[in-house]
Every structure is written in C-alpha cells, then in structure tokens.
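The values are calculated or read from the model by the stated rules, or taken from the named source; none is laboratory data. What you see is a predicted model, and the numbers here were worked out from it, not measured in a lab. Quick reminder, even Gly has a Cβ in these numbers, built from the backbone with ideal geometry, and neighbours come from all protein chains shown. These accessible areas exclude ligands, DNA and RNA; they are computed on the full protein's heavy atoms, side chains included. Shrake-Rupley method; radii C 1.70, N 1.55, O 1.52, S 1.80 Å.
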Amino acid sequence: MDNQTHQFGDPTRKVTLLGMFLNITLIVGKLWGGIAGHSTALVADAVHSISDLFSDILVLWGLKIGEKGPDTDHHFGHGKMETIATMGMGVLIIATGIGIGVEAASKIRGESQVSPDLIVLAIALVSLLSKEAIFHYTKITGERFKRPVLISNAWHHRSDALSSLTVLVGAAGARIKPDWGFLDFYAAILVSLLIIKSGVSIFIEATKDIVDTAPDPELCRKIEDVAKSTPGVVEIHDIKIRRSGRFILVYLEIGVAPEMSVREAAGIAENLEKNVRRELEEAIEVSVSIRPARSYNIEC
Ligand SMILES: [Zn+2]
Ligand SMILES: [Zn+2]
C-alpha cells in the first residue's frame with residue numbers, strides 16, 4: 001500500500017462505504033416515492049437497493065480477507081476468498097432479479113393502474129445519476145488497486161443505474177398517456193432481466209478465477225520480459241500463471257548454462273523471483289524451476 005493509503009484510510013473500503021451510504025439513502029427515497037407516487041417499478045427498485053446492502057457487506061468482507069497474505073492454513077494467501085465473495089454477490093444479484101420479475105409478472109393482469117407521480121421520475125433520475133457516478137468512482141478505484149470484488153461491485157452500480165433508467169422510462173411513458181400505465185410493469189420486468197444478466201456475468205467472471213483460467217497474454221509477456229532481462233537466464237521453457245483474487249501465482253521454468261554450479265543457478269532463480277515480485281506487486285507466489293539450457297525458447 002502506498003503512503004496515500006495510510007494518510008486517508010483504505011480507498012477501496014472508503015468507496016464501498018460511500019456506495020453503502022448511497023444505497024441506504026436510495027432505499028428510503030425509493031420506498032417513500034414508490035408508495036406515495038404509485039409506482040410498482042420504483043418499489044421493486046427499492047427492494048433491489050435493500051439487496052445491494054447485503055452485497056456491500058459481502059464486498060467489505062471480500063476486500064478484508066482477500067488482502068490477507070499466506071498463513072499456516074492457506075499457503076497461497078486468501079485471494080480466492082475474495083473470488084468467493086464475488087461469486088456470492090453474483091448469486092445475490094440473480095436472485096433479486098428473479099424476485100422482481102416474478103413480482104411484476106404476477107401483477108401484470110391486475111386492476112388498471114394509477115399514473116405515477118412526478119416524484120417517481122425525480123427519484124428515479126437522482127438514482128440513475130448518483131449510481132452512474134459511483135460506478136465510475138468504484139471502477140477507477142477497483143482497477144487502481146486490482147480488486148476484482150470492487151470491480152464487480154462497480155458493474156453492479158452500473159446495472160442499478162440502468163434499472164433506474166427503465167423505471168424512469170416506464171414512469172414517463174405512463175405520465176404522457178394514462179393508458180400507458182402498464183409501461184411501468186414492463187419496466188419492472190426489464191429491470192429484472194437487466195439485473196439477472198449482470199449477476200450472471202459477475203458469476204461467470206469469478207468462475208474463471210476458480211478454474212485457473214490463464215490471465216491475458218499481456219501479463220505473460222511482462223513476466224517473459226523480466227525473465228529475459230535477468231542475468232544468467234539463457235532460456236525460458238515455461239510460464240504458467242494462476243489468478244487468486246487480487247493476487248497472481250507464477251510458475252517459471254528457465255534454462256541456465258549446464259556447467260553452472262547449483263549455488264550459482266539457485267542465485268539466478270532467486271534474483272528472477274525478486275525481479276518478478278518487484279515488477280508485479282500482485283505476485284504473491286513466484287516459483288522458479290531450473291533446467292540445463294537446451295537452446296530454444298517458447299513463446300507465451
Ligand atoms: Zn444492485
Ligand atoms: Zn488463512
């Protein structure tokens with residue numbers, strides 16, 4: 001962590017708490033506005049904001065545990081626990097989406113609807129703009145500190161913004177022409193589909209971490225460059241990378257001059273390990289295997 005972190009507190013935690021505060025404000029505003037202003041879609045959106053609070057708690061847990069280094073029980077750190085938090089968040093979002101859809105569909109054949117009040121439009125607009133703002137803030141912070149759980153939470157904020165947009169469209173349509181009151185219901189169903197979609201993609205993204213999907217080739221090339229510039233490394237036979245939450249685990253197989261002593265070769269491996277860790281602070285584990293050089297190189 002850099003100096004700024006120590007001075008102003010953990011920015012990843014700060015942005016999550018800010019999002020949490022926004023969610024609480026939106027729950028109150030949407031519930032009140034939805035009931036007083038006759039909008040099922042806005043009430044559904046409020047219920048969704050309540051579920052957002054649970055995902056905020058999950059994010060805070062994921063951020064805290066995912067940061068922990070190796071201990072006696074978890075030799076490769078706790079990064080995958082952050083991944084589990086991310087997956088849990090995906091499930092939570094999908095469940096909420098299904099709930100809203102079922103709720104809206106069960107009411108669609110009900111009695112004729114009252115046109116939503118102007119307050120519904122105002123609250124939906126405030127929700128849309130504030131959620132879009134927190135999306136950008138959270139995404140920038142998540143990318144800066146390489147926290148998957150935070151980046152997922154950012155996209156969650158974006159899906160919340162979209163869901164408020166559909167409420168806005170539905171309510172506006174119903175106000176323009178009272179017969180269009182049903183638009184509000186369709187808006188709620190659209191909200192539900194959007195939320196399910198965002199939940200599924202968050203879940204799938206996290207699954208890639210669990211099944212050790214290789215990271216982008218750019219990272220592999222970076223490590224290759226470090227290895228090539230480390231004195232004594234004659235060949236690179238293999239590079240394997242696994243993700244574990246915000247961390248990566250690197251396996252390297254290098255070729256050194258065959259006549260070299262074990263002591264010298266081990267020194268080269270140690271230097272390489274240090275260089276990789278220096279270049280990539282997220283490398284929690286770097287393991288280097290030494291082979292006698294056989295004069296060929298593999299590409300990433
Ligand atoms: Zn949400
Ligand atoms: Zn542990």
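Screening the candidates ALA227, ALA188, ALA214, ALA154 for the property of being in contact with a Gly (Cβ under 9 Å, 6 or more places away or on another chain), more than 21 Å from MET20 (Cα to Cα) and away from ligand 2 (no atom under 16 Å from the Cβ) yields one hit, ALA188. Restricting attention to the range 47-82, the residues that are within 10 Å of ligand 2 (Cβ to nearest atom) and of a type in the set (Gly, Ala, Ser) add up to 2.
Could you please let me know if ALA95 is open to solvent by 50 Å² or more (accessible area, probe 1.4 Å), within 16 Å of ligand 1 (Cβ to nearest atom) and either among the small types (Gly, Ala, Ser) or in contact with a Gly (Cβ under 8 Å, 6 or more places away or on another chain) (or both)? Criteria met by ALA95.
Residue-level analysis places ALA124 outside the set of residues that are in a helix (DSSP H, G or I) and surrounded by fewer than 16 Cβ atoms within 10 Å (Cβ to Cβ).
Looking across the range 182-216 at every residue that is in a helix (DSSP H, G or I) and open to solvent by 80 Å² or more (accessible area, probe 1.4 Å), the one that is farthest from ligand 1 (Cβ to nearest atom) is identified as PHE182. Would you point out the residue of the range 73-92, among those that are within 14 Å of ligand 1 (Cβ to nearest atom) and aliphatic (A, V, I, L, M), that is least open to solvent (accessible area, probe 1.4 Å)? Step by step, filter the range 73-92, then rank; the result is MET89.
For the range 128-137, does any single residue satisfy the condition of being modelled with pLDDT under 90, outside the structural domain of ILE248 (by TED's automatic domain parsing) and surrounded by fewer than 21 Cβ atoms within 10 Å (Cβ to Cβ)? Within the range 128-137 (the criterion being modelled with pLDDT under 90, outside the structural domain of ILE248 (by TED's automatic domain parsing) and surrounded by fewer than 21 Cβ atoms within 10 Å (Cβ to Cβ)), the answer is no, since none of the residues qualifies.
On the basis of being touching a residue at least 60 places away in the same chain (Cβ under 8 Å), under 31 Å from the mean Cα position of the chain (by Cα) and open to solvent by less than 30 Å² (accessible area, probe 1.4 Å), does ILE284 make the cut? In short, yes. Would you confirm, using the coordinates I've provided, whether ILE236 is among the β-branched types (Val, Ile, Thr), in a helix (DSSP H, G or I) and open to solvent by less than 80 Å² (accessible area, probe 1.4 Å)? When the stated conditions are applied, ILE236 does not pass them. Is it the case that SER115 is among the polar types (S, T, N, Q), outside any helix (DSSP H, G or I), assigned by TED's automatic domain parsing to the domain that holds GLU143 and under 26 Å from THR166 (Cα atoms)? Yes.
Summed over the range 240-283, residues that are under 30 Å from LYS64 (Cβ atoms) and either part of a strand (DSSP E or B) or among the hydroxyl-bearing types (Ser, Thr, Tyr) (or both) total 11. Take LYS30 and tell me if it is touching a residue at least 40 places away in the same chain (Cβ under 8 Å), open to solvent by less than 60 Å² (accessible area, probe 1.4 Å), in the same structural domain as GLY173 (by TED's automatic domain parsing) and within 16 Å of ligand 2 (Cβ to nearest atom). No: the conditions fail for LYS30.
Residues in the range 48-72 that are in contact with a helix residue (DSSP H, G or I) (Cβ under 7 Å, 6 or more places away or on another chain) and within 14 Å of ligand 1 (Cβ to nearest atom): HIS48, SER49, ILE50, SER51, ASP52, LEU53, PHE54, SER55, ASP56, LEU58, VAL59.
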